[in-house]
Amino acid sequence: MEYDAFSKINQFRRLLRDYLPVNYEIPFTNPGKKRDLDIFLRTSRNLPRETVAFHRQELVRRLDAMLQRANSLTGSVKGKIPLKKYMEMMKNSKITFGPFGWGELNIREYEAYICGTLLLRPDISHMETWPSIFVAGETYQPYRWDFEDLESTIKELLKGEGRRLQIARSGQEAYRDSISPLGMERFCGWFIQQIDK
């Protein structure tokens, strides 16, 4: 999970791959574990292009305003933190956000699945992914690109644990299946079919 391809140790691992193999075992966190934070988002907002930075800046602004208004809502949405603390906080959060950046998907979506938190992100039903692990209302909860339903969606998901946990579990299972040996075998078969077309 904390694999960094550019760290010194992993530069040596590439050179000595037969003697220092990388451990790709992923420690998934149970979605049903007790979580103290309602919402969590830590993201860079000062991206070089305004069109790329806009969505993240607006999401942070709206979430911060929600936290200021609602005494009962707990969360963390501002400031840079070390990776270890970032992962601990995500594992302790009920809802994690996947904002747009340089594209529709980022590593955060997969981190959310690993950490067992519900992924709340802009609707990406226009995209086709393979394997199809991003299913609106089943493996992630979408909100509108104009943010108009963001607050009401958050409130609805925090009302009770049933729906939130169901989506978090389904997302985690879809991702876990996609990276299993059988899932990787299916991907290789699909990839070969794409080349042969």
>> Given (1) crowded, with 16+ Cβ neighbours inside 10 Å; (2) within 16 Å of ALA168 (Cα to Cα); (3) among the charged types (D, E, K, R), identify the lone condition not met by ARG42.
In response: (2)
>> Checking the structure you have, find out if any residue of region 57-76 is closer than 12 Å to PHE100 by Cα and touching a Phe, Trp or Tyr at 6+ places or on another chain (Cβ under 7 Å).
In response: yes
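Listed here are the residues, each with its yes/no results for (1) over 21 Å from GLY75 (Cα atoms); (2) free of Cβ contacts under 8 Å to residues at least 60 places away in the same chain; (3) in contact with a helix residue (DSSP H, G or I) (Cβ under 8 Å, 6 or more places away or on another chain).
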residue: TYR110; (1), (2), (3): no, no, yes
residue: ILE114; (1), (2), (3): no, no, yes
residue: LEU119; (1), (2), (3): no, yes, yes
residue: HIS126; (1), (2), (3): yes, yes, no
residue: THR139; (1), (2), (3): yes, yes, yes
residue: THR153; (1), (2), (3): no, yes, no
> Inside region 87-98, can you point out the residues that are out of contact with any Phe, Trp or Tyr (no Cβ under 8 Å at 6 or more places or on another chain) and surrounded by 19 or more Cβ atoms within 10 Å (Cβ to Cβ)?
Replying inline: LYS91, LYS94
> What number goes with the only condition from (1) under 20 Å from PHE28 (Cβ atoms); (2) touching a Phe, Trp or Tyr at 6+ places or on another chain (Cβ under 6 Å) that SER178 does not pass?
Replying inline: (2)
> Do you know which residues across region 168-189 are touching an Asp or Glu at 6+ places or on another chain (Cβ under 7 Å) and under 18 Å from LYS94 (Cβ atoms)?
Replying inline: SER170
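One line per residue, one yes/no per condition, for (1) surrounded by 17 or more Cβ atoms within 10 Å (Cβ to Cβ); (2) out of contact with any strand residue (DSSP E or B) (no Cβ under 6 Å at 6 or more places or on another chain); (3) not in a helix (DSSP H, G or I):
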site: PHE147; (1), (2), (3): no, yes, yes
site: ALA168; (1), (2), (3): yes, no, no
site: GLN172; (1), (2), (3): yes, yes, no
site: ILE192; (1), (2), (3): no, yes, no
> Does ILE195 count as of a type in the set (A, V, I, L, M), over 20 Å from ARG108 (Cα atoms) and at pLDDT below 95?
Replying inline: yes
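The values are calculated or read from the model by the stated rules, or taken from the named source; none is laboratory data. The shown structure was predicted, so the numbers you read here are calculated from the model rather than taken from an experiment. Here Cβ is always computed from backbone atoms with ideal geometry, including for glycine, and neighbour counts include all displayed protein chains.
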